[in-house]
Amino acid sequence: MGDKATLGDRVDELLINPDVIERVDIIDSSGKVQYTVPNSPTTQKSLQIYAYITSNESMIGPGEARTGLEKYGEELVIEADLNRGKHPSIDFLADIVEKDQKFHSHVVTPYSAKPIPEHVRKAMPEIAKKFGTPIHVYDEQGIRNTCKEFNSAFSWNKGFRNFFAVKACPNPSLLAIMKEHGFGADCSSAPELSLSLAVGMRGEDMMFTSNDTPDSEFQYARDIGAIINLDDITHIEAYKRATKRGLPKLICFRYAGEESEGNSIIGNSAERKYGLLRKQIFDAFEIAKAEGVERFGLHTMMASNERNPRTLLRQAEIMFKLAQDLKVQTGVDLEFINLGGGIGTPYKPWDRSVDLKELGEGIKNLYDKMKMIGPDGVYPGKIFFECGRVITGPHGLVLTEGRHIMQKHRKYIGVDMTMADLMRPGIYGAYHHVTPLGKETEEYDHIYDVSGSLCENCDKTAVQRFLPAGIKRKDLLAVHNTGAHGRAMCFNYNGKLRSGEVLVHPDGSFDMIRRHETEKDLNATLDFPGSKYAYLGRKKNG
Ligand SMILES: Cc1ncc(COP(=O)(O)O)c(C=O)c1O
């Protein structure tokens, strides 16, 4: 850790975009607005603090207040106590913790969310009518624009390539778009390699990064000539045993990252299960060299959904320094450095996005400053990424329909999607913005939970969320930013059938690129002959 961060630094790290926040209202349990923080230059820090702690679930209770206080320093409430009187937000949050109070805090923006692109918005009622809901919808134009933006941000680096993380959205229609934009495929399993082959990726277009890898997948990756990225020093021997061959001419190793960088999804370095430790990296490159490997790559993935450019730049700096140390100690000239995936996207309407152009420039500055180009002009040649979320995430949404509007301890909007269609809110408490179509410009001033039919209480797409009043059965709702790690994480618990996918083209026409699952699909692996439900039994001889 460097010097202790100041309050100002901490607040800046929240990466909330105060430009789109009109004010934050703090509302007591009776629904009265008790406190308003307007967006003025003198209140912007408070605004960011409240917007940040609100953004998870609109609630400031002791837990959320503590999280807010955490942002001021390592000592949580103790630090807040030390700072008492220095900042009104600290006092307010410390009071909440002390008195165990609960407030709703509502971020008011001039618009409910980043507007859905017009051609997609227009197509949505028709998509719902034609294919039914819930359904995952993607915007082809948006995806193409982001591919271009990413390539352009790194066009200074000869050989730059993003290997799209297939796990983020494993649909060949989308992978084919990536391929058109020169992307490769980052694959973590044999089925992901097969999908990439199916769209015409070949050999080193595919990078195979897996962990706890089965022998059969080492064999498959080797057979098709994918770049092999080993996750552990023992995998050198595991790979040779599995493939009955020596190491390939090109090998890459995944660096675990021993610095404390990283965030809660990927885990802090002490808990991270992935990659080789620093010392093991040097040993691994020595072994590979001795075994006749001629081409080398270095890889890492230290953070996930990271929107702080400082963290992303720091990761690049760590990797460039490691490349230099490797050159000095082992004489290895790296052909590429893969900086992994993990570039974050704004899920909340007031979040800032990562400016890819600025990130590209920042990494170029580091690259130049650290003299990463050797005397031969190519060392260490290429920069790779394997981003998924930033490419497709903001360009997907789930279209769902209101089913039961209910009043229990809380108000519920029961919808036809469940956590089985979008797992992130249930497992990570992730925020996905919800827009009721046709009510985009209404006041978002009523609090609801948006729930599904799964027998799990965490089956809630939104918890204590401000939405317009009057949402009815059959109303369409769009759940935003579901284009990555959305459909890919669908599951079948409670006999839920996984939803289909639709691609909206730039001219507003659309195609179903994956049909909805049927009960027959769900039960296709069962073997129960003689049932009146014929599909439950496989034909023994057919
Ligand atoms: C090794 C690896 N690479 C790339 C990714 C893609 O990350 P993102 O979609 O956040 O860019 C992941 C995500 O889990 C990963 O584990």
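The values are calculated or read from the model by the stated rules, or taken from the named source; none is laboratory data. Just so you know, these numbers come straight off a predicted model, no measurement behind them. A quick note on method: Cβ atoms are made from the backbone with ideal geometry, for glycine too, and the neighbour counts reach across all protein chains shown. Keep in mind that these areas ignore ligands, DNA and RNA; they rest on the heavy atoms of the full protein, side chains included. Shrake-Rupley method; radii C 1.70, N 1.55, O 1.52, S 1.80 Å.
Within region 249-275, the set of residues being modelled with pLDDT of 95 or more and surrounded by 15 or more Cβ atoms within 10 Å (Cβ to Cβ) comprises Leu250, Ile251, Cys252, Phe253, Arg254, Tyr255. The number of residues in region 470-501 that are closer than 16 Å to His404 by Cα and open to solvent by 40 Å² or more (accessible area, probe 1.4 Å) comes to 4. The sole residue among Asp325, Asp368, Asp333 that is more than 16 Å from the ligand (Cβ to nearest atom) and part of a loop (DSSP other than H, G, I, E, B) is Asp333. Within region 311-344, being polar (S, T, N, Q) and farther than 25 Å from Asp205 by Cα holds for Thr311, Gln324, Gln329, Thr330. Within the set Gly362, Gly340, the sole residue that is within 16 Å of the ligand (Cβ to nearest atom) and open to solvent by less than 50 Å² (accessible area, probe 1.4 Å) turns out to be Gly340.
Only one of the listed residues (Arg307, Arg295, Arg389) is within 16 Å of the ligand (Cβ to nearest atom), among the charged types (D, E, K, R) and open to solvent by 30 Å² or more (accessible area, probe 1.4 Å). That residue is Arg307. Could we say that Leu313 is in a helix (DSSP H, G or I), in contact with a Gly (Cβ under 7 Å, 6 or more places away or on another chain), within 19 Å of Asn162 (Cα to Cα) and not small (Gly, Ala, Ser) here? Yes. Report yes if Leu422 is within 16 Å of the ligand (Cβ to nearest atom), open to solvent by less than 20 Å² (accessible area, probe 1.4 Å), in contact with a helix residue (DSSP H, G or I) (Cβ under 7 Å, 6 or more places away or on another chain) and at pLDDT 95 or above, otherwise no. When the stated conditions are applied, Leu422 does not pass them.
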